[in-house]
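One structure below.
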Amino acid sequence: MNPKNEVTFKSHWWSVNLPADWRAVEDNECVTLSGGQFSGAVQISAARKETGFITDEDLNEFAAERLSEKISLSKANINATAFTGLYAERIKNGIFWREWWLRSGSVMLYVTYNIEEKSREAEKFLVDEIIGSLSPNG
């Protein structure tokens, strides 16, 4: 993304850069990012640990609640220097899902993206850029 053609969305614990024609809609559960010609949706939920830092063990525990044993987790390969974590891809009922469990200090993000399987490569680069721009607030 060109910095001149992007906007920054700031939630309470994290922020992300978006293309200028995108929007972020926040509700009690998550923030939904969408816009432009984009047919998929990125959703981000956040939690904060009251004492101590989020660990890899914490991420594995949260991921295990969402995934079956058939789906393998990988180290998240994102450009963000502030967040690290786990990543998985799967196809369910013709829908391609990407999921991230990310941590930075006491903040954990659960990020999902889904799109029809046949269109999955079309938006991959843009989604990677968005996820790579995540940063903690404060």
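The values are calculated or read from the model by the stated rules, or taken from the named source; none is laboratory data. The shown structure was predicted, so the numbers you read here are calculated from the model rather than taken from an experiment. Here Cβ is always computed from backbone atoms with ideal geometry, including for glycine, and neighbour counts include all displayed protein chains.
Residues that are modelled with pLDDT under 95 and over 18 Å from TYR113 (Cβ atoms) are absent from the range 31-46. On the stretch given as the range 33-52, residues that are polar (S, T, N, Q) and either loosely packed, with under 15 Cβ neighbours inside 10 Å or without any contact (Cβ under 8 Å) to a residue 12 or more places away in the chain (or both) total 4. Among the residues of the range 25-46, just one is over 13 Å from the mean Cα position of the chain (by Cα) and within 18 Å of ASN137 (Cβ to Cβ), namely GLU26. Identify the residue in the range 53-67 that is modelled with pLDDT of 90 or more and surrounded by 14 or more Cβ atoms within 10 Å (Cβ to Cβ) and, among all such residues, is nearest to the chain's Cα centre (by Cα). Applying the filter and picking the extreme gives LEU59. State which residue pairs qualify: first residue over 14 Å from SER45 (Cα atoms) and surrounded by 15 or more Cβ atoms within 10 Å (Cβ to Cβ) and inside the range 106-127, second residue at pLDDT 85 or above and of a type in the set (Val, Ile, Thr) in any location, beta carbons under 6 Å apart, and separation of 6 or more residues or different chains. Cβ pairs passing all conditions: ASN114/ILE95. Taken over the range 80-111, residues that are outside any strand (DSSP E or B), under 13 Å from ASP56 (Cα atoms) and in contact with a helix residue (DSSP H, G or I) (Cβ under 6 Å, 6 or more places away or on another chain) amount to 0.
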